[in-house]
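A short worksheet on the structure shown next.
The values are calculated or read from the model by the stated rules, or taken from the named source; none is laboratory data. Values in this document were obtained by computation on a predicted structure and should not be read as measured data. Note: ideal-geometry Cβ built from the backbone for every residue, glycine included; neighbour counts use all protein chains shown.
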């Protein structure tokens, strides 16, 4: 399975538009190569370089298995649920690192054999527990972002 974005390339800089320095819209994402039997997708975006430990920016799950892209600024496609990020909100919260060295942002997509039995607002840890034994494939896309101010 492959995960890409029209906004940035693997290892490239995430445009400010998709961060706290811009409009904080979620970047467009697209994927291909999901295995047969995929019934749902889950997406987790996090920053392992955050000073206090890995910071969760986006938790999205129960994306229908026939969906292969998320347009820019999407809250959640029909049928999907948004989880709680470390900004204590649901939905996408863009990169907003302290000034200095750029951080890495991991967008991780999981193909699942069934939707997750979770209510909206689940945490990353709850989604990861629910995915155990249901993940058919995984793909990731890494972008970077640093702030000068």
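Of these, 6, 34, 25, which one is surrounded by 15 or more Cβ atoms within 10 Å (Cβ to Cβ) and farther than 20 Å from residue 127 by Cβ? Steps first, please.
Values: 6 fails: surrounded by 15 or more Cβ atoms within 10 Å (Cβ to Cβ); 34 fails: farther than 20 Å from residue 127 by Cβ.
Being surrounded by 15 or more Cβ atoms within 10 Å (Cβ to Cβ) and farther than 20 Å from residue 127 by Cβ holds for just one of 6, 34, 25, which is 25.
Looking at 79, 94, can you tell me which residue is touching a residue at least 40 places away in the same chain (Cβ under 8 Å) and part of a loop (DSSP other than H, G, I, E, B)?
It is 94.
Sort out which residues of region 43-69 are part of a strand (DSSP E or B) and either at positive phi or in contact with a helix residue (DSSP H, G or I) (Cβ under 6 Å, 6 or more places away or on another chain) (or both), and write them in order of number.
44, 56, 59, 61, 62
Considering every residue within region 100-107, establish whether at least one is surrounded by fewer than 23 Cβ atoms within 10 Å (Cβ to Cβ), in a loop (DSSP other than H, G, I, E, B) and either within 10 Å of the chain's Cα centre (by Cα) or at pLDDT below 95 (or both).
Yes: one or more hits.
Within region 118-130, does at least one residue satisfy the condition of being surrounded by 15 or more Cβ atoms within 10 Å (Cβ to Cβ), touching a strand residue (DSSP E or B) at 6+ places or on another chain (Cβ under 9 Å), under 15 Å from residue 24 (Cα atoms) and modelled with pLDDT of 95 or more?
Looking through region 118-130, none of the residues is surrounded by 15 or more Cβ atoms within 10 Å (Cβ to Cβ), touching a strand residue (DSSP E or B) at 6+ places or on another chain (Cβ under 9 Å), under 15 Å from residue 24 (Cα atoms) and modelled with pLDDT of 95 or more.
From 78, 68, which residue is at pLDDT 95 or above, surrounded by fewer than 20 Cβ atoms within 10 Å (Cβ to Cβ) and over 13 Å from the mean Cα position of the chain (by Cα)?
On the way: 78 fails: at pLDDT 95 or above.
Every option except 68 fails the conditions.
Among the residues of region 34-57, how many are without any contact (Cβ under 8 Å) to a residue 40 or more places away in the chain and within 8 Å of the chain's Cα centre (by Cα)? Quick ask: steps written out before the conclusion?
Initial filter on region 34-57 (without any contact (Cβ under 8 Å) to a residue 40 or more places away in the chain): 36, 52-55.
Those left that are additionally within 8 Å of the chain's Cα centre (by Cα): none.
The number of residues fulfilling the criteria is 0.
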